[in-house]
Each structure stands twice: as C-alpha cells, then as structure tokens.
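Notes follow once the structure below has been shown.
What follows draws every value from the coordinates through simple rules; no lab data is involved. As the structure is a prediction and not an experimental result, all values here were calculated from the model. Reconstructed Cβ throughout: ideal geometry from the backbone, glycine too, with neighbour counts over all protein chains shown.
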Amino acid sequence: MIERWNRDQVLALAPDASSQKAAQGVSSPGKWSNAGVAAEAVWGECKGSGSKPYRACVDLSEPAYRCSCPSRKFPCKHALGLLLLWSADGVPGADEPADWVAEWLDQRRARAAKPAAAPRTAEPGAAPDPRRAEQREQRVAAGLAELERWLADQMRQGIAGSRRHDHWDGLVKRLVDAQAPGVAGTVSRLGAVLSDDDWPARLLSEYSLLHLLLTAHRREALTPTVRGRVGFPVTKEEVLSGETVRDVWDVLGRRDEEQDRLISRRVWLRGRATGRAALVLSFAPTGQALDASLVTGTALDAELAFYPGTAPLRALVATRHAAAPAAPPPGSPPEAVLEEVAAALAGDPWTDSWPVVLDAVTPMRNGSWLLGGPSGGLPLHPSAGTPWRLVAASGGHPLTVAAEWTPWGLRPLSTWDEEGRVVVL
Amino acid sequence: MADTMTAWEDLVSTALVGTDRRPLPAGPGDPAAELLERAAVQTVRARAGQRLRAGRPLDVAPPEEQPALPRAAGDRLARILGGERPRLLAEWLQTAAGRGYRLSPHLLPELLDHAARDRSIRPHLGVLAGRRGRWLAGLNPTWSFLSQEATAAGPRPEVWELGTSGDRRAHLAALRAADPAAARELLATTWEKESPEDRAAFLELFAEGLSLDDEPFLEAALDDRRREVRHEAADLLTRLPDSRLGRRMAERVADRFTVLGGKILVNPPSACDAAMERDGVRAKPPQGTGEKSWWLQQIVARTPLGVWSELLGRPPRELVRMKITDWGREVLAGWVRAAVLQGDPEWARELFASDPLADLLAVLPRDEQESAAAAFVRGHALDGQLIMVLGGAAAPWGPELARAVLQRILDFSRTQPWNIGELGKLAGERVDPALYGLAERFSLEPPIQEVAALLRFRDDMLKELQ
C-alpha cells in the first residue's frame, strides 16, 4: 500500500492554479460515491452536471490518471479532487479494485509490456541523413562564428550601452536560423540579468561563458556536453538506449518556469544509494498538461537514463519498478555539497543548477539569509526572500533541506518535519 | 582573494567601456578574446571555489508544551487555507484553540499573515501558535501583534504582573467568573498604571458577574481620562438600576415623559450639560441627526428599563405598542439600544415582535431565540433582513430552526434559485453539524444537499479536533 500523499503534494500535480481551485471544489466526500483504494489504485464516481457520474481513477504507482469527463486539463479536477479526498483519508480501503478500474489497470500493464516485447526498430528513412547532418554542422558553425565575432565586438565597444531588453533580439533570430537553439535560448534569457544592480558583472560572466562554449565547440572539447548546450538534438530513443542507473530516487522538488508561452517543468531527483543527482525536464504550452508523474516527497525505485554529458544531470525515467516508502533523503554537510558542486562544474563549467540535499542545517543570517551549520553556510537565492516556512519548520533546530544550487544562491525546495513528512517550501 | 576581486572588478570596468578605450594590461592576442577568456576563468573559479560564509544562527525555539495537532486536522486546515470553504477558518481556529492544540510549524507563516490582516482570529492564534509561533513572530515585526494575545498557559499568579495583555485579560476574565470581587480588587491594585486600551478592555470583562458591589469602582471610572473607559463604565452602570447613574438617568427622564389620552408625550432635553456627558451621553450628534433627537435617544438608552413601567404605569408589552407623539422613532430606538445594552429579555421579546432585529434576538434565552427565529423565517421573504436576523440566532442551531430554514431554502429554490446562496451558506455554518443527517434526508434537491455537505464537512472537522 502506498503511503498517503499530503495535500501539497497532490496540489503540486495540478496543471495550473485554476485546476487547483476546481479540484478543491470536488474533493468533499459528498461528491463521491463508490470510492475506494486498493493496492496502488484509488478510484471513485463523481457527480457531475450530467446524469451519469464521472468515473475517475488514479494509478498511484506512476501516477497515471483516467477520468470519463471531457476535460482537456490533465490531470482533470476529478482526478485531483479524488486524490485530495484520499490525502484527507476520505477514501475507504477495498480488497479489490472495482471492475472498471481493474480493466484499466490491466490495459495499462499490457501497454507497458508491449514496447519491451517488440523493441522499436529503426524505421526506414528515420536514419539520419548524412548530407543534412553535414549541412546542419556547417550552419551551426557559421552561426556560432558570428556569435563569437559579435561577443568580441561587444568587448571592444563596451557593454555600457546594452541595458536594453531588445538588445539581443536580432542575434537570437539568427541563432535560431543557424539551428543552434541551445545557444539561442541562452542569449534570449540574457535580458533577465538587467534587473540586477550588478548587471555589468552578470552580463560579463554570461558572455564569457558563451565564449567558453564557442571555443570548446570549435576545439571539439567536452563533446557531448558542449553539443547538448549548443543545441544539437538528442532523441529520447537515443537516451533510452544508453545505459541506465537503477536506484531508489527521492523526488526533491520542482520548479515551473514560463517563457514565451511555454512552461518548462524541472523535477529534481537524487538516488539514495548512488547519490546521483538528476533532472527530469518536461515542457508544455501554457495551459496544457505538464508531466505530473513525479510527486515531491515521494520515492520511486526506477531506472533513469541520463542524457550524454560530462556532468550528466538531465535524465528520463526509463523504467519504473515500484513506489518506495517515502523518507527524508540522505544529505551531506555544506562543505561536501560545495565539493559536489565543484565536481559538477569541473565536468560542465556551464552548470547553473544542481539539486543538493543538505543535512543538519539551520537558517542563518548575515544581512541576508544563509543555510548552514557551525562551519558556515551557503547563501539563499535572492528570490527566496525570507524563507519563513523553512524558518518556522526549523525553529533554530537543524533540518534536512533539499535545494537547488545556483551560482546566485540556493533555492529551497523541500524539508522534512519531526515525523519525517515532507514540507514543500 | 582580494587580488581576484580586484582582478574581476578590473575586468568588469574594462568590459563596460570596451577594450578600444581601455586596453587590458598587456596580454597576447586579441584583447577582446583575452577579456572574455579571463572573465570565463574568473567566473568558473568563483562558482566552483565558493566558500562557506559565516552567519548568525537563529536562537533555538523553546520546546513545546501543548499537544500537536492531529494530522487529519492539520490537513483540513491546509484545505481551508487553500481556498476550500474559507469561511470556516474562524470556526476551525476557535475550536482548535479551545482544545489547546498547537499548529504544525510550517503552517504558522501563512496563518500569521492571515491574522495580520484579520484581527478577529488573533486570539485563537495566541493559543495555536505555541512557543514556536511566538518565537517566529519575534523575528517579523508584521507579526508582533501575537505577543499581545493570551497563550495556552494555564492561570498562574505571576501572569498579572508579567503576562501579555492577552494573558492578563484571560486571567482577569477567569477570576471574574470565579470571584467577581477578587477580580475587581486585583484590577484596582494596578488600575492607575494600566494603559488606556487595557483599562477599557479590562472593564469590558466586568459584564460577567456584574453587581452593585462594582458600582463605586465604575462610578469612579466615569471620570477616566479615556473616553472608551468612561463609556464602558457608563454602559455597565446602566445595567444596575440602583446605581447612582441609574438614578440620575431616572431623574432625567422623570419629568420629560407623561401619558395622556393613551399616548406618550415627550419633552426632549434642550441641552446636554456636563453631568449628562459624564454619564455617557455624547453631545455632538452624527451628521444628519438633530441635537434634541440625539440626546433623547441616548438618555432613553441609558435609563434602566425598569424605570419605565413605574414611570408610565404600564408593562413593557403595552409601552412598546403605544403611540408616542412626535418622538416615537427616537424613543423606540432608545429602548432597543437599552434592551441590548442591558440584556433585558422581556423588553427584547416585545420589541422584536414589532421590530425584528438581530441584536434583540441575541438577547433572548437560547430556546426562545430559536423558536422566535424559526417563526420569523417561516413568515419572511428572502431579503437582507432575513439574513441579518438569522445572524443574531446563536450557533449551533437546533432541529427546529434547522428545519425551518431548510424548508425556506427549498421554497425559495423554486421561486428565486439565484438568490439562495447566502442563506444556504449561513445554514451550513450555523446549524449544529451533528444534524447533517437531518439535512441529507430533508430533500435531495441540490441546494439542500449543499447545506448537508457543508454540515458534514464541519462535523468531520470538529471530530478531527477532538
């Protein structure tokens, strides 16, 4: 039986704020009939506006959702409302799933088994066309050469006049045309540094790292990492066909970011035995469903396939074996966390985000907020403000805290209370 | 370290104006590429070589004394805070505080923010915050109000000297309930040193166990520097017909009211003298009210209600129905105010019959309140007054009023379904939640089932907090 998730964990699965609200409207026991939970599924029938109730069920091990309502939101409010009811201990246990639930679960299992039985073979015509690949290499090289000249020009003329948000627009378009979307994305986000008081230093850092990337690409150094950052695509199939790492992965937290009507969701994991950090990235246009299968504070026994790189972080869940009992993840003292980050930067100097778990740390102050212990602490990201939830949970006592390391400070993700329950920060 | 800092500052300065105008100190190759390369080295070095920084740890919060909230109750609180049935927050907090629980620490910031905006929930938070909450509030000036609220700590003798205002209020209230004279004597020992706000708040507690023994103390308080204190004292003295204030008021009305030919004739006061002001009559009328009318209303409101039957020779039942020449509105308003202020059920009952007001309803004994409200609901249209009057009927409503209101919801759902929302919510919030079964069986119509769902939510909520 899977341990019940708490309310924050359930709401974190909602595709947007309006879904969260709608889900709460259908989370009362009165709305549901024939609800039950057994093994790894929870199900129920929710009275809708029509004569027939909607049938919703959730496979908790994934989690995966199904509902007979016509909503395009995913998971829909019924699935979420059902989970909220379950999280409030409002769904009675059952020995067996209802028939229609069992049927769906069987179908899912059959589908999951299929690709394994018939591994995808390369379809004719899917093999990379060497001529087109060559063409892309040339285009990218030309685009990057132009960027390199542009950066040098900036240095010669000075960046004092660059404090304009449209400063990079033309450049970004040319980089997109040059089929270097990774670099184009990095350049398009440069405008964000302008709000910083210290923007000239931030901008110089960003330019210098771009220069480093272009040089590395020209010299064919750190190949998979550099090619990934430039924007050469790696298909899911390629990633999944590589080596996988099996472990019990703790889901530390997540962050959604919107840019140009596209939401990117970052979910950070760490392996309990291997200590490996992982990032599962997914995208969806604003208002559409994001991957909601990784719930903060839960753990899963799974195989992860990492994207190639010299400090691999981004990964795909290749095979899920089972849910694992949730517990606070093992952490490290702040010194060890810094070493880990240094090692990641040695492999990939462009790393600007790395999930860490700090053991026995307390919030501290020195004008701004830090997180650390007797030997000192790491600063928090300015966007964290005063981390009141964290301060309250700590009460000055040491805690295990999962956070996203960034060059500008830690962003707290989650912590665990005295009873070992996750608190989303 | 200092060198690398200077080196980095130099690089930034150069980048700002450009290498054309501010060449780098001699280096091989293109100065622009050189600048970028040196900056890259510094950037990665700074990131990878980050060191721990010194910081002041927070003082450790003291250990808790109160029991932790049951898990299910905490989850439900999070649901309410998250927007599910937000109007139940106050009831949740009140119940949980009454049971002496403390909140899970991570919920504290959100609730303290709530209480910063909404004063009414602060007393509950005083208990629920526990020692962690007080510790936390000490770190944020926005939450400093918490230190004024009573804690869960039981009554202790040193509280009167050392406690928060809230603790002292709670202590005095408990003492007043047990031994009114002891409470009065305790307050008298520190009266001169109390802040005006505290004096007014403490005096308010004298409503409990009020007797003629309090009269000298209250009479003295009529000369207090603070208006709120004077008014509170005057309000309390009004409830003591044998008080000096009561007698002065009786004298003031004595030659102004007469009965002639079955009508009451009134001669309103033509001035508001210092003695009237001392007894709580405000001299300056609000905008739009005439002076005489204003003074008349007030002296009627502050005259002990027992005076009237003696003065005019009729029981309240007849008085409220008599014709009053010219000043009827003022006199009735004064009587209503007096019935509420003096908590007089007999007058309230008679006045409610002709002027159904929530405040009057609230003065009636519980059983009577409920049947009076039920009778009113059965015969009244769906309007703002219906909601207001029902608001005066103390929760939890029993079966009689519950049935009456449910029936009206059902009636109105057929004639003006768009208008029943507020009535449904009020029923869901005020009916005794244990009666959810009654509501569920009452009718299968959605508006009734909505009420039933709300009652059930509250029933579960209260059970979790047991």
Helix A:334-347: angle to the longest alpha-carbon principal axis of chain A, degrees 0 to 90, nearest 10? 60 degrees
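Within 10 Å of each candidate Cβ there may be at most 10 other Cβ atoms; applying that plus a DSSP loop requirement, which GluC sites (Glu not before Pro) in the stretch B:154-261 survive? Present the calculation step by step, with values, prior to reporting the outcome.
On the way: sites: B:E158, B:E161, B:E185, B:E192, B:E194, B:E197, B:E204, B:E208, B:E219, B:E228, B:E232, B:E251; in loops: B:E158, B:E194, B:E208.
Loop-located and lightly packed - B:E158.
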Which of the lysines could a cross-linker span from A:K52 if the Cα-Cα distance has to be under 18 Å and same-chain partners fewer than 8 positions apart are dropped? A:K31, A:K77
Which of A:K73/A:K173; A:K21/B:K425; B:K425/B:K463 exceed 29 Å between C-alpha atoms? The answer is A:K73/A:K173
Quantify how much of the Cα-Cα distance distribution of the stretch B:247-355 extends past 16 Å, in percent. 56 percent
Hey, if you drop one equal point scatterer on each alpha-carbon of the stretch A:236-324 and run the Debye formula without solvent, what base-10 log of I(q)/I(0) do you get at q = 0.10, 0.18, 0.19 Å⁻¹? -0.25, -0.78, -0.86
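In deg cm²/dmol, rounded to 500, what helix-only [θ] at 222 nm does chain A give when every DSSP H run of at least 4 residues adds -39500 (n - 2.57) and the total is split over its residues?
Numbers: 12 runs with 145 residues, N = 425.
Helix contribution divided over all residues of chain A: -10500 deg cm²/dmol.
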Tell me the Kirkwood radius of chain A: reciprocal of the mean inverse pair distance over distinct alpha-carbon atoms, in Å. 23.9 Å
Would you mind telling me the antiparallel percentage of the DSSP bridges in the protein assembly as shown, rounded to 5? 90 percent
Hey, what angle do you get for helix B:71-81 against the long axis of chain B, alpha-carbon based, 0 to 90 degrees rounded to 10? 80 degrees
Give me Rg over Rh for the stretch B:294-377, both radii from the alpha carbons and Rh done the Kirkwood way, two decimal places. 0.96
Note the per residue figure in Å³ for the convex hull of the C-alpha positions in the protein assembly as shown. 227 Å³
For the stretch A:130-230, just the Cα atoms, rotate onto the principal axes and tell me the three extents in Å, largest first. 47, 25, 22
Other-chain or far-sequence residues with amide H under 5 Å of A:W416's (modelled H): A:T400, A:V423
Hey, got the dipole for the stretch B:159-240? About the Cα centre, +1 on K and R Cβ, -1 on D and E Cβ, debye to the nearest 20? 160 debye
For the stretch B:94-214, the fraction of alpha-carbon pairs in successive 5 Å shells from zero, as %: 2, 11, 20, 22, 17, 13, 9, 4, 1, 0
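Below 8 Å between Cα atoms, with a sequence gap of 6+, how large is the relative contact order for chain A in percent?
Values: 728 pairs, mean separation 48.7, N = 425.
11 percent.
To make sure I understand, if each residue's beta carbon is the centre and we count other beta carbons within 10 Å, what order do A:T215, A:T351 fall in, fewest to most? Provide the component values of the computation, followed by the final result.
Details: A:T215 17, A:T351 23.
Sorted ascending by nearby Cβ count, the order is A:T215, A:T351.
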Over the residues of the stretch B:71-148, compute the C-alpha Rg and express it relative to 2.2 N^0.38 Å. 0.99
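Neighbouring Cβ atoms within 10 Å as the yardstick, rank B:T415, A:T244, A:T186 fewest first.
Working: B:T415 10, A:T244 18, A:T186 22.
In increasing order of surrounding Cβ atoms, one gets B:T415, A:T244, A:T186.
Over all directions, what mean area does the Cα convex hull of the stretch A:290-389 project, stated in square nanometres? Mind showing how you got there, number by number?
Values: hull surface 33.5 nm².
It is 8.4 nm².
What is the order of B:W308, B:W8, fewest Cβ neighbours within 10 Å to most? Show your work: numbers first, answer last.
Numbers: B:W308 24, B:W8 19.
Fewest-to-most Cβ neighbours within 10 Å comes out as B:W8, B:W308.
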Cα convex hull volume per residue for chain B, in Å³, equals 277 Å³
Cross-link reach list, lysines versus B:K263, counting only Cα pairs under 18 Å and skipping chain neighbours closer than eight places: B:K323
Relative contact order for chain B, counting Cα pairs under 8 Å that sit 6 or more residues apart, in percent: 8 percent
Longest exposed-site-free window of chain A, the sites being GluC sites (Glu not before Pro) in a DSSP loop that have at most 13 other C-beta atoms within 10 Å: A:1-219
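Calculate the mean, over all residues of peptide A:370-377, of how many other protein chain Cβ atoms lie within 10 angstrom of the residue's Cβ.
Whole-number average of other-chain Cβ neighbours for A:370-377 is 4.
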In cubic angstrom per residue, the convex hull of the stretch A:149-289 built on its Cα atoms measures 164 Å³
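Scan chain B and hand back the longest stretch that contains none of the trypsin sites (Lys or Arg not before Pro) lying in DSSP loops with at most 12 other Cβ atoms within 10 Å.
Working: sites that count: B:R21, B:R51, B:R225, B:R321.
Segment B:52-224 is the longest.
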Expected vector for the stretch A:18-34, Karplus 3J(HN,Hα) from phi with 6.51, -1.76, 1.60 and θ = phi - 60°, integer Hz, x for Gly and Pro, equals 5, 5, 4, 5, 4, 5, 5, x, 10, 9, 8, x, x, 7, 10, 9, 6
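Once you average over the residues of B:305-311, how many Cβ atoms of partner chains fall within 10 Å of each Cβ? Present the calculation step by step, with values, prior to reporting the outcome.
Details: counts 0, 0, 0, 0, 0, 0, 0.
Going residue by residue through B:305-311 and averaging, the value is 0.
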Can you list, largest first and rounded to whole Å, the semi-axes you get for the stretch B:368-466 by taking the square root of 5 times each eigenvalue of its Cα gyration tensor? 20, 16, 11
Quick one: dipole size for chain B, taken about the Cα centre, charges +1 on Lys/Arg Cβ and -1 on Asp/Glu Cβ, in debye to the nearest 20. 560 debye
Express the relative contact order of the stretch B:71-148 as a whole percentage, based on alpha carbon pairs under 8 Å and six or more residues apart in sequence. 28 percent
For a quick check, take a GNM of chain A with Cα springs below 10 Å and name the residue from A:F74, A:F283, A:F306 with the largest mean-square fluctuation. A:F283
